[in-house]
Amino acid sequence: MKRLAAWLLIAATVLSGCAAGNPGEGLGNGWQPEKTMELEYAHEFQVDYYQGGYKQISLADGSRFLVIPEGGKLPEGIAGDIVPLYQPIENIYLAATAAMCLFDGLGRADAIRLSGTKAEGWYIDSARRAMENGSMLYAGKYSEPDYERILEEHCSLAVESTMIGHASGVKEKLEELGIPVLIDQASHESHPLGRTEWIKLYGALLNEEEKAQALFDRQVKYMEEAAAGEPTGKTVAFFYISSTGSAVVRKSGDYVSKMIELAGGEYIFHDLGDPEKSTSTVNLEMETFFAAAKDADVVIYNSAISGQVESLAQLLERCPLLEQFKAVQTGDVWCTSQNMYQEILQLGQMTKEFHQVFTTREPDSLELDFLYRLK
């Protein structure tokens, strides 16, 4: 709990005043919100509730959406920058891959008709099945959407990741075609549970607030269990080997390194990466990586990016130098499952699994969903 409280204090200090919108700002037509959604960790969105079932969603990038209840009408005189979204919100084009688990957790993957990821790219069973049976269709990746298909399927909303900022003209083209674009900014949240808390935004879109709150509370409980004790003293290297032979590691302050620290571990890189840049990883030459990571107590190989590794021997084939690492010699080498980055709904559970890995004396007895030991 001490580590969790520390992260909360840091987040509150850094992000005070940075939350999306301001409670009571209104719609510009005299309406004032009856209440504002309570958020514990997220700072990149806000939901205000109005009379008659209307909801305003405000994002940190300045965009605002008014969710209009089924059968409702667009209120007169609202501010011109507010984008109306009419319920039921369906036939969504989802190009923000990480958000799929949130729809899935709510039991509302049926609201998504169009995917920016092909079937073989999904590690979420419901998404893969939906694409295989045709209830979800591929409509091009975020940078090259199939506009014709998107129009044919009567898309009511495009949910994009922040990567759309690198796709010149795509957002503008979708809006020109009359398709609202909501940019999921969960990746900008400073705390891992801030990412998970975005389930409340999608819960508001789909009238599933109670279910969203219950699912979020479960992850908070996992996180509290993981962060309740003192630091374990275990140093941790989290990385993968690129096709060019360099080590790709998470930069300091990234949400994965924060989960490691909340779980009681000590991430080996304390001041790595430019905090002003949005990139979450840093490429290191093997010599530099070896010097920093060779004495780490625990090695976690990130197969979610570089492909599944089934054994320690297979990992050493990719990088023979790892044989000299302390963790390899002591047998404390772990691998992530490939669904890790598509499961932001489970970040509390992932943190708890990190904690189990750092504290267990019987590693083979652990039953984990996101990590497995390499032998």
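List of remarks:
- Boolean, GLY107 is crowded, with 20+ Cβ neighbours inside 10 Å and at pLDDT 95 or above: no
- Boolean, ASP125 is in contact with an Asp or Glu (Cβ under 9 Å, 6 or more places away or on another chain), modelled with pLDDT under 95 and assigned by TED's automatic domain parsing to the domain that holds GLU152: yes
- Qualifying residue in the stretch 214-226 (condition: within 27 Å of TYR54 (Cβ to Cβ), assigned by TED's automatic domain parsing to the domain that holds ARG108 and in contact with a Lys or Arg (Cβ under 8 Å, 6 or more places away or on another chain)): yes
- Any hit, the stretch 342-359, residues being surrounded by 19 or more Cβ atoms within 10 Å (Cβ to Cβ), in contact with a strand residue (DSSP E or B) (Cβ under 7 Å, 6 or more places away or on another chain), assigned by TED's automatic domain parsing to the domain that holds ALA237 and not in a helix (DSSP H, G or I): no
- Residue match in the stretch 275-282 (condition: crowded, with 17+ Cβ neighbours inside 10 Å and part of a loop (DSSP other than H, G, I, E, B)): no
- The residues on offer are GLU323, GLU317, GLU266, and the sole one that is of a type in the set (Asp, Glu), within 30 Å of LEU215 (Cα to Cα) and not in a loop (DSSP other than H, G, I, E, B) is GLU266.
- Boolean, THR232 is β-branched (Val, Ile, Thr), part of a loop (DSSP other than H, G, I, E, B) and either under 19 Å from ILE344 (Cβ atoms) or without any contact (Cβ under 8 Å) to a residue 24 or more places away in the chain (or both): no
- Restricting the stretch 137-163 to residues that are of a type in the set (A, V, I, L, M, F, W, C) and touching a strand residue (DSSP E or B) at 6+ places or on another chain (Cβ under 6 Å), the residue that is surrounded by the most Cβ atoms within 10 Å (Cβ to Cβ): ALA158
- Listed by position, the strands (runs of 3 or more DSSP E) contained in the stretch 42-132 that have at least 2 residues being touching a Cys at 6+ places or on another chain (Cβ under 9 Å) and in contact (Cβ under 8 Å) with a residue 24 or more places away in the chain are 92-94, 112-115.
The values are calculated or read from the model by the stated rules, or taken from the named source; none is laboratory data. All values derive from a computational prediction rather than experimental measurement. FYI the Cβ positions are ideal-geometry reconstructions off the backbone, even for glycines, and counts take in every protein chain you see.
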